[in-house]
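The values are calculated or read from the model by the stated rules, or taken from the named source; none is laboratory data. As the structure is a prediction and not an experimental result, all values here were calculated from the model. Glycine gets a Cβ as well: all are built from the backbone with ideal geometry, and neighbour counts include every protein chain shown.
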Ligand code: ATP
């Protein structure tokens, strides 16, 4: 996201890709406008939040008219840098890493895993989902300087060392799928997704807070 959009609250910024995806589908189906209620039902965010989110980017829906789909999309495209391709690397081509390489964010055309890394001799030099798997020990030599984002899908014991190496190699953002909590310099952003914790939390909420 660009610096001049820094005033958008983080919680709002996190919802932008969700709005974006829905609006793209609306545009593809030929719809010109959308009400906050319609949006709310589709993306499961309450309409007051949507109206507040949209007010940050000057999109003030008119009563009885709703929001202009094309205007919103062009705004989001700029804000989310949708016109630019963000190249990403992946470390750890196990079961989860393999799934990511095969999926490779093909439904959104602005992020792409361009290189994968592993230490397993049998995997190094092969391809998965059209992406070549390189030796992690050669990371610094072959790293594309344009790449600033990495996905980690290695065993948790290996995660910290890998994070250190990635930071050394110029990575600024890490999507961490291991249960390990990573220690990184302040300027590095880590987003942590622990799938088993998420699943356990869901099961817990279903049991203790039935809707
Ligand atoms: P698999 O069935 O291939 O072992 P998995 O997801 O159960 O998959 P994990 O033990 O979680 O396997 O390891 C994931 C991947 O991370 C493996 O391909 C492994 O070779 C790789 N890996 C382990 N340690 C490192 C490391 N230090 N650097 C890079 N990759 C690593």
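General observations
Each row is one residue, and each column tells you yes or no for (1) under 12 Å from residue 72 (Cα atoms); (2) outside any helix (DSSP H, G or I); (3) at pLDDT 90 or above.
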{"site": "20", "(1), (2), (3)": "yes, no, no"}
{"site": "30", "(1), (2), (3)": "no, yes, yes"}
{"site": "37", "(1), (2), (3)": "no, no, no"}
{"site": "40", "(1), (2), (3)": "no, no, yes"}
{"site": "45", "(1), (2), (3)": "no, yes, yes"}
{"site": "48", "(1), (2), (3)": "no, no, no"}
{"site": "54", "(1), (2), (3)": "yes, no, no"}
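- Odd one out for residue 137, checked against (1) within 15 Å of the ligand (Cβ to nearest atom); (2) in contact with a helix residue (DSSP H, G or I) (Cβ under 8 Å, 6 or more places away or on another chain): (2)
- Restricted to the stretch 82-107, and to residues there that are exposed (fewer than 14 other Cβ atoms within 10 Å of the Cβ) and away from the ligand (no atom under 16 Å from the Cβ), the residue that is farthest from residue 9 (Cα to Cα) is 106.
- Residue within the stretch 122-133 that is closer than 28 Å to residue 17 by Cα, touching a strand residue (DSSP E or B) at 6+ places or on another chain (Cβ under 9 Å) and modelled with pLDDT under 95 present: yes
- Count of residues meeting criterion [within 21 Å of residue 146 (Cβ to Cβ) and surrounded by 15 or more Cβ atoms within 10 Å (Cβ to Cβ)] in the stretch 113-131: 7
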